[in-house]
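First comes the structure, then the notes that go with it.
The values are calculated or read from the model by the stated rules, or taken from the named source; none is laboratory data. Values in this document were obtained by computation on a predicted structure and should not be read as measured data. So basically every Cβ, Gly included, is an ideal-geometry build from the backbone, and we count neighbours across all protein chains shown.
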């Protein structure tokens, strides 16, 4: 028998909310609807497929650096001329490094954010898109770091999307070999203390500023252990961080040459095709990580270590806890965590089987509306609710920035917080309600019934209080604003 309540839970908890008419389709088999979308998908959403390749992302930053250097040679001359012509300092700010950087990359970032939002907004498989967002946040590459500003979209396209519903070990390995992660967490700056490059600095690759790397960089190794695999309480020590950092020395990417940077045609290679192993930077010899010695040489040493980390019991527990926190409750039910952990371990990190176990957890269906939606999830719910097929003005990069979650610009490598306390602040709640009201006014029209829209989006989860308030609205715009601001619309 169709169950609209379970259908609403499925649509909001595992997807981004339904489009009109979708609840009745889901109601025939809510669990089956979710499970049908858990496996890998071979075709990219059209807006995502149209985005530049990782090589072009790298070239974009290189072009900006070269242009700044060319401009910098004449910087004082320009300032003197501006002063003679009466140009103010405020007017000159548009030529500053920061302003120039923003102007150069604004359109590029806005296009990528729009593509991600549009893919989720129009998706016939929103459960799959939701998994993409989860794993992109787990393996965060943030454009908040200037050198990585253009890289998060291609990282998501190259690393996350091909491995959703696949093996965790494959996604972990792909993440560590992508230039996005290598740049963001500085592994391209790392050389072993006993490496050829350390013994002979002329063998070390030059950095963009002209210098050369001088020692071991622990950033990527630390985040692999703390954020990507074992978790902060996973049983590793500082010695393990240093050992893993040494194991992955030499893991870098093919640097674009000046000829490639200045050419007009863009690069077409993916992140995987840009990975490069620099033997001269690699720390030689066997290394011991978590009481296991790795005697392999070259890239194989790191591949073996990452494979063992992916299969470690602490990794199974850490991933299961994060998944249950994301999909079920801020305080994950221990019984659900245990079932998901067992599935992850039993199936050697198969993410399809792991999610299948989560969907089978009764806790995932018992109590609706326990999770407070992050701004991006909330915006996508409203966009899907209105059945839009193109992203409307004011719903892209600026909206996410205003509501406190600028897409692809997480504040740190731990990504965006997944608990309500981080989002239930007076200012952030006010900002999302302000945006929802403006959005409601923009899409309102005489033939759009807010109450019918609420029933189509929430089904039995629509409260009597909201139903009454919306029905008494003086206009469609006011009715939509009341619906969009309702507590049940903001939770999943």
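For residue 264, the criteria (1) surrounded by fewer than 16 Cβ atoms within 10 Å (Cβ to Cβ); (2) at pLDDT 95 or above hold in every case but one, which is (2). Checked against the criterion of being outside the structural domain of residue 145 (by TED's automatic domain parsing), on the phi > 0 side of the Ramachandran plot, under 26 Å from the mean Cα position of the chain (by Cα) and modelled with pLDDT under 95, the stretch 372-388 has at least one qualifying residue.
Conditions (1) in contact with a helix residue (DSSP H, G or I) (Cβ under 9 Å, 6 or more places away or on another chain); (2) in the same structural domain as residue 294 (by TED's automatic domain parsing); (3) closer than 30 Å to residue 46 by Cβ; (4) in contact (Cβ under 8 Å) with a residue 12 or more places away in the chain, marked per residue:
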{"position": "167", "(1), (2), (3), (4)": "yes, yes, yes, yes"}
{"position": "170", "(1), (2), (3), (4)": "yes, yes, yes, no"}
{"position": "175", "(1), (2), (3), (4)": "yes, yes, yes, yes"}
{"position": "178", "(1), (2), (3), (4)": "yes, yes, yes, yes"}
{"position": "182", "(1), (2), (3), (4)": "yes, yes, yes, yes"}
{"position": "242", "(1), (2), (3), (4)": "yes, yes, no, yes"}
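Among the residues making up the stretch 212-230, those that are closer than 16 Å to residue 307 by Cα and part of a loop (DSSP other than H, G, I, E, B) are 229, 230.
Is there a residue in the stretch 281-300 that is surrounded by fewer than 15 Cβ atoms within 10 Å (Cβ to Cβ) and closer than 20 Å to residue 168 by Cα? Checked against the condition, which is being surrounded by fewer than 15 Cβ atoms within 10 Å (Cβ to Cβ) and closer than 20 Å to residue 168 by Cα, the stretch 281-300 yields at least one hit. When restricted to residues that are crowded, with 23+ Cβ neighbours inside 10 Å and either more than 19 Å from residue 21 (Cα to Cα) or in contact with a strand residue (DSSP E or B) (Cβ under 8 Å, 6 or more places away or on another chain) (or both), the stretch 380-402 contains 2.
Would you check if residue 127 is in contact with a helix residue (DSSP H, G or I) (Cβ under 7 Å, 6 or more places away or on another chain), in a helix (DSSP H, G or I) and within 20 Å of residue 412 (Cβ to Cβ)? Break it down stepwise before answering.
Details: in contact with a helix residue (DSSP H, G or I) (Cβ under 7 Å, 6 or more places away or on another chain): yes; in a helix (DSSP H, G or I): yes; within 20 Å of residue 412 (Cβ to Cβ): no.
It is false that residue 127 is in contact with a helix residue (DSSP H, G or I) (Cβ under 7 Å, 6 or more places away or on another chain), in a helix (DSSP H, G or I) and within 20 Å of residue 412 (Cβ to Cβ).
Taking into account only those residues within the stretch 355-368 that are in a helix (DSSP H, G or I) and in contact (Cβ under 8 Å) with a residue 40 or more places away in the chain, which is farthest from residue 229 (Cα to Cα)? Going through the qualifying residues, I end up with 365. For the stretch 48-62, the set of residues classified as in a helix (DSSP H, G or I), over 11 Å from residue 151 (Cα atoms) and more than 17 Å from the chain's Cα centre (by Cα) consists of 62 only.
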